[in-house]
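Note sheet for the following structure.
A short reminder: the numbers here are calculations on the coordinates, not readings from a lab. Note that this is a predicted model, so its numbers are computed, not measured.
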């Protein structure tokens, strides 16, 4: 069993989502680098992910939900 974040509808979000490819730490790093003034392209090279993915994280298109609660799930 492990603990995952879920939204208000009970759906997994963040790295606990079954199709997630990036960890919450990687997303946090992208957002931190953007706050420091780096461009999407510079960040993409540093963290080795597509520029479009970096842009989606920074604009709030992906990984933009806040956990409502946490629940135990089987791996």
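For the chain, the relative contact order comes to 49 percent (Cα pairs under 8 Å, sequence separation of at least 6). Working note: 222 nm ellipticity from helices only, DSSP H runs with n ≥ 4, each -39,500 (n - 2.57), summed and divided by the residues of the chain, gives -11000 deg cm²/dmol to the nearest 500.
In whole angstrom, the chain maps to an equivalent ellipsoid with semi-axes of 26, 12, 10, each derived as √(5λ) from the alpha carbon gyration tensor and ordered largest first.
Taking 0.36 nm per residue of sequence separation and removing the Cα-Cα distance, the residue 71/residue 51 pair yields an extension gain of 4.0 nm.
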